[in-house]
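These notes are about the structure you will find just below.
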Amino acid sequence: MSTVALKDVTKVWPDGTMAVDRVSLEVRDGEFMVLLGPSGCGKSTVLRMIAGLEDPTQGEILLNGEPVLDLPPRDRSIAMVFQDFALYPHMSVADNIGFPLKLSGVEPGPRQERIGAVAGALGIGEVLGRRPSQLSGGQRQRVAMGRAMVRRPGIFLMDEPLSNLDSGLRAELRAEITSMTRELGVTTMYVTHDQAEALTMADRVAIMRRGILQDLGTPTEVYRRPATLYVAAFLGSPRMNLLEAQVYVHLDRYVALNFGEQTLYLPWSDPRSRAVARYHGERIVVGVRAEALTPVTPETPGAVLHGRIRYLEHHGHESLAYLDVGATAIVVDEIAGATPGRQPGSGALKKLVQRLSRPAAEAAPEPGGQVSLLNDPGRHHRKPAELSVRLAPYPAVSHGHPLSVAVQMDSVHFFDERGDRIDVGWR
């Protein structure tokens, strides 16, 4: 059995920079866990602390339930694959793969057998006599993986191993890595900034931002029910539409979500309506993915938004229309403080709360009515929303055309001014 547990692990660099901030995480035996996030979010630092290449400032790291902070890297039964391959240029492929076994004192006979078995599984058996400089990028990556596998470790740590390869080869090696690690039953932690890798390879995904763990769950869970505004915007292509809305409650009838020029209505029968109703008279963030929007005729009843096409993108298999519906967008990249568990008194988060906490209008709109938001052009985090909608390839519409879209209300997401999910307890 090979498990990994981090308990309130923090890493502060000597200059005071917080690299990892109180991260707690458990990786199950045989699980393929992906750490996902942008460059500089602390995911590689987490991996290096588990491997013993960095010491945490605070917190505990447990392998198989035992503390390991006092153990050197060689005693942790861990193999690590790096982004830059880290092969010895003067050694042959066979010697590179077998080097860990040589250090461990394995006899030449058994060593060659294990080298041959690993090389055959990775499809590099015919290049064992070559040097790394004579190999392609994909072959060098396979050699690096073979050197990790030949040790038969309890845990694989992979730090963006495919980022230096072209897209076609990345897709091929993604499938190979996941199939091999699952066949071997080895617990794996894989670091990447590529959401496609994370969502296709992982059993579970841990999403990080600025050293803080934002969300944790299966690929389906974090995509369909993101815990924070940041995760909602980070996952998916095109990005989730994030709109500022003001909440008005009509008890036992509906919750009105006013977007400035138009209003959507959350039925009181919806289990989430009670959670959203707590924000009566306040502004929240409403998230809608492109797949939850369906083009309809303007006369279609129900949850429908009307607008005009700002521009179109053609992608061959589909087109994306960006629709002006008179709403205000929330730009997550500028919401520096939208992180879970932080109080509104801190820095940029306090500014965000102040921005979104504006006086509410007196009356709630009835169906068909409109209430305009107060305009404040100085608020740099606000901009006119461009609602992304999926259309058929090369549709018979163009810039300036009117378009109405039905909103699948059970697929709408709600976030508070801190960036935390509002209906977090609902399933």
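Looking at region 167-181, can you tell me whether even one residue there is assigned to a loop (DSSP other than H, G, I, E, B), crowded, with 17+ Cβ neighbours inside 10 Å and of a type outside the set (A, V, I, L, M)? No: zero hits.
Considering region 21-43, and only residues there that are surrounded by fewer than 22 Cβ atoms within 10 Å (Cβ to Cβ) and among the small types (Gly, Ala, Ser), the residue that is nearest to VAL9 (Cα to Cα) turns out to be SER24.
Within region 115-140, residues that are assigned by TED's automatic domain parsing to the domain that holds LYS102 have Cβ atoms under 8 Å from residues that are surrounded by 15 or more Cβ atoms within 10 Å (Cβ to Cβ) and of a type in the set (D, E, K, R) in these pairs: LEU122/ARG142; LEU122/GLU176; GLY123/ARG142; ILE124/ARG142; PRO132/ARG140, counting only partners at least 6 apart in sequence or on another chain. From the set of residues in region 368-394 that are at pLDDT 90 or above and part of a loop (DSSP other than H, G, I, E, B), which is farthest from VAL286 (Cα to Cα)? Looking at residues that are at pLDDT 90 or above and part of a loop (DSSP other than H, G, I, E, B), I get PRO393.
Within region 20-52, being in contact with a Gly (Cβ under 8 Å, 6 or more places away or on another chain) and among the basic types (Lys, Arg) holds for ARG22, LYS43.
Residue-by-condition table, conditions (1) in contact (Cβ under 8 Å) with a residue 40 or more places away in the chain; (2) among the aromatic types (Phe, Trp, Tyr); (3) not in a strand (DSSP E or B):
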position	(1), (2), (3)
TYR265	yes, yes, no
PRO271	yes, no, yes
GLY281	yes, no, yes
ILE284	yes, no, no
GLY287	yes, no, no
PRO295	yes, no, no
GLU299	no, no, yes
LEU305	yes, no, no
ILE309	yes, no, no
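Please determine whether any residue of region 63-73 is buried (at least 17 other Cβ atoms within 10 Å of the Cβ), in the same structural domain as ARG147 (by TED's automatic domain parsing) and under 26 Å from the mean Cα position of the chain (by Cα). Yes - at least one qualifying residue is present in region 63-73. Selection of strands (runs of 3 or more DSSP E) fully inside region 185-234 by the criterion of at least 1 residues being hydroxyl-bearing (Ser, Thr, Tyr) returns 187-192. Just one of the listed residues (LEU229, LEU235, LEU216, LEU264) is touching a strand residue (DSSP E or B) at 6+ places or on another chain (Cβ under 7 Å), modelled with pLDDT under 95 and not small (Gly, Ala, Ser), and it is LEU229.
The values are calculated or read from the model by the stated rules, or taken from the named source; none is laboratory data. Computed from a prediction, not measured in an experiment: that's the story for all the values here. Reconstructed Cβ throughout: ideal geometry from the backbone, glycine too, with neighbour counts over all protein chains shown.
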